[in-house]
């Protein structure tokens, strides 16, 4: 688990437009990254 103020490890994911984005590709830019449970789950 990350600590507040800690750095996240680099990772890649697919955007809703199909583009692959990595954390390192947005380094130095402001970004909000939000993770949520799988749709239609009780979480």
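Give the residues of region 1-31 that are part of a loop (DSSP other than H, G, I, E, B), touching a strand residue (DSSP E or B) at 6+ places or on another chain (Cβ under 7 Å) and exposed (fewer than 10 other Cβ atoms within 10 Å of the Cβ), sorted by residue number.
15
When the residues of region 32-42 are filtered to those that are under 19 Å from residue 2 (Cβ atoms) and exposed (fewer than 10 other Cβ atoms within 10 Å of the Cβ), which remaining residue is farthest from the chain's Cα centre (by Cα)?
The extreme case among them is 37.
Only the coordinates and a few stated rules stand behind these numbers; no lab work does. As the structure is a prediction and not an experimental result, all values here were calculated from the model. Every residue, glycine among them, receives a Cβ derived from its backbone with ideal geometry; neighbour counts consider all protein chains shown.
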